[in-house]
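Colleague: Let me begin by handing over the structure; questions about it come next.
The values are calculated or read from the model by the stated rules, or taken from the named source; none is laboratory data. Just so it is clear, the model here is predicted, and its values are computed rather than measured. In this analysis, Cβ positions are derived from the backbone assuming ideal geometry, glycine residues included, and neighbour counts consider all displayed protein chains. Protein only, heavy atoms only, side chains kept; ligands, DNA and RNA dropped before computing areas. Shrake-Rupley method; radii C 1.70, N 1.55, O 1.52, S 1.80 Å.
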Amino acid sequence: MRVLGIETSCDETAAAVVEDGRRVLSNVIYSQVDTHTLYGGIVPELASREHIRKIEPVVGQALDEAGTDLEHIDGIAATYGPGLVGSLLVGLTYAKALAYASGAPWIGVDHIEGHIYSVFLENAGVEFPALALVVSGGHTNLFWVESTTGDCARLEYGLIGKTRDDAAGEAYDKVGKLLGLPYPGGPVIDRLAALGDPGVRRFPMAKISDQSMDFSFSGIKTAVLRVFKEEGLKPLDEEASRRDPDRLNLLAGFQEGVVRALVRRTMEAAGRFRPRSILLSGGVAANRRLREAMAQAAAETDVAFYYPRPILTTDNAAMIACAGTFRLMRGERSGYDLDAEPGLKLAAPAPPSKKGRWKQ
Ligand code: KG4
Ligand code: ZN
């Protein structure tokens, strides 16, 4: 089954063709970063306009690179939430029009489910139940994932942890902006932090009083802001930051604090609920230190650990095509009345039980 995926939930216009939910035939991503970098963050109105300008060429290129055309597409999958409503509407409406014109079945996909499925694009044989950490610019969620089929063909999700304030990627982006780095801050801080010493400036993990598996990242962001003000630091670009050891140590300490919180919570949940696998996805999953620290922690507890290649961790349409394929294969279809849902939630809070059913 050949599925065309379309993703426009935020600031990437993306289209991809995926065969049988595994083989990526094309994966085209047009990033609007140059448009938004001038403003230090995403401007929703500009994002919608850019999507409108780019959706047709991006989809055309994805079909061309896959060596196919609309007539040979067996299904269409498009993100319908969560995200920016104006951005979502562009990809969703375009997908519906293509489905109508071609007669191909189509399905709306949850962007967060797409991130989880990005792991399955390159890793066959993932065992369930799994713990899935989705860390992006808009979300930091820890899901318990159960399979009713033994593989990724049909999954059920329960939310066991989430951020109480900023998402991890949002903290990276805000710290990046504060220190004068271009948007998005995540990849730049990843590069700079690798040059610093994380032991010089330590940021303690946010205390969350109850037994929850929640995260919090606004405290560490504010702590960096305090250092910035108290020490009279000035914004510096990436090149100048490289030559400033104090700046590199500050960034390394910040990154270490974020990574430590993500790994510790995930491993606490793994200790409590005993998954067979840990899945890491979302834009921040591209972070080298996070991948390394999570891999080490998972190895120490003997849990299998999976993550996608960096190009598949940040927003892309291959992951949407992949998640859509498995839904289409089990007969699910969306109607033309499916609307964009900016606040779509993949799962309600639900801790796992020993029997593999959700506790009520
Ligand atoms: O998944 P994604 O592309 O979009 C959302 O769904 O939000 O995630 C984007 C986020 C941004 O906050 C960006 O700074 C962060 O992922 N990011 C990174 C890295 N690459 C992207 N954060 C840390 N290290 C990276 N290497
Ligand atoms: Zn995303």
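Colleague: Give me the pairs: first residue in the range 286-311 and more than 26 Å from P184 (Cβ to Cβ) and of a type outside the set (S, T, N, Q), second residue open to solvent by 70 Å² or more (accessible area, probe 1.4 Å) and not in a helix (DSSP H, G or I), beta-carbon distance under 9 Å, and six or more apart or on different chains, which are they?
Modeller: That search, which allows pairs on different chains as well, returns V303/R274; V303/R276; A304/E127; A304/R276.
Colleague: Tell me, please, whether a residue that is assigned to a loop (DSSP other than H, G, I, E, B) and among the β-branched types (V, I, T) can be found in the range 130-149.
Modeller: Yes, the conditions are met somewhere in the range 130-149.
Colleague: If you take the residues of the range 151-180 that are part of a loop (DSSP other than H, G, I, E, B) and more than 16 Å from ligand 1 (Cβ to nearest atom), which of them is most open to solvent (accessible area, probe 1.4 Å)?
Modeller: Out of the qualifying residues, it is R164.
Colleague: Kindly list, by first and then second residue, each pair from a residue in the range 314-340 that is charged (D, E, K, R) and modelled with pLDDT under 95 to a residue that is within 16 Å of ligand 1 (Cβ to nearest atom) and assigned to a helix (DSSP H, G or I), limited to pairs with Cβ atoms under 8 Å and residues at least 6 apart or on different chains.
Modeller: none
Colleague: So, one more: Which of the residues spanning the range 269-290 are away from ligand 2 (no atom under 16 Å from the Cβ), in a helix (DSSP H, G or I), of a type outside the set (F, W, Y) and touching a strand residue (DSSP E or B) at 6+ places or on another chain (Cβ under 7 Å)?
Modeller: Within the range 269-290, A269, A270 qualify.
Colleague: Taking the range 291-315, which residues are under 18 Å from Y117 (Cα atoms) and more than 16 Å from ligand 2 (Cβ to nearest atom)?
Modeller: Result: R291, A304, F305, Y306.
Colleague: Check the range 249-258 and report whether any residue there is over 24 Å from I220 (Cα atoms) and either open to solvent by 40 Å² or more (accessible area, probe 1.4 Å) or away from ligand 1 (no atom under 16 Å from the Cβ) (or both).
Modeller: No, there is no match, as no residue in the range 249-258 is over 24 Å from I220 (Cα atoms) and either open to solvent by 40 Å² or more (accessible area, probe 1.4 Å) or away from ligand 1 (no atom under 16 Å from the Cβ) (or both).
Colleague: Is it the case that the range 121-138 has a residue that's within 16 Å of ligand 1 (Cβ to nearest atom), of a type in the set (S, T, N, Q) and over 16 Å from the mean Cα position of the chain (by Cα)?
Modeller: no
Colleague: A further question follows. Looking at the range 139-150, which of its residues are within 16 Å of ligand 1 (Cβ to nearest atom) and in contact with a strand residue (DSSP E or B) (Cβ under 6 Å, 6 or more places away or on another chain)?
Modeller: Across the range 139-150, the qualifying residues are T140, N141, L142, F143.
Colleague: Return the only residue of I42, I73, I6 being at pLDDT below 95 and buried (at least 18 other Cβ atoms within 10 Å of the Cβ).
Modeller: The unique qualifying residue is I42.
Colleague: Quick check on the range 11-29: of everything there that is within 15 Å of ligand 2 (Cβ to nearest atom) and either within 26 Å of P105 (Cβ to Cβ) or surrounded by fewer than 16 Cβ atoms within 10 Å (Cβ to Cβ) (or both), which residue is modelled with the lowest pLDDT?
Modeller: E12
Colleague: A further question on this structure: Taking the range 1-40, which residues are small (G, A, S) and closer than 30 Å to D237 by Cβ?
Modeller: Listed by number, the residues that qualify are S9, A14, S31, G40.
Colleague: May I pose another question? Would it be correct to say that M213 is closer than 24 Å to T313 by Cα and either at pLDDT below 95 or within 16 Å of ligand 2 (Cβ to nearest atom) (or both)?
Modeller: Considered against the rule, which asks whether it is closer than 24 Å to T313 by Cα and either at pLDDT below 95 or within 16 Å of ligand 2 (Cβ to nearest atom) (or both), M213 comes out as yes.
Colleague: Are there helices (runs of 4 or more DSSP H) fully within the range 183-247 with at least 1 residues that are open to solvent by 40 Å² or more (accessible area, probe 1.4 Å) and not charged (D, E, K, R)? List them.
Modeller: Output list reads 185-193, 218-230.
Colleague: Okay, next question. Report whether or not I116 is in a helix (DSSP H, G or I), surrounded by 18 or more Cβ atoms within 10 Å (Cβ to Cβ) and of a type in the set (V, I, T).
Modeller: yes
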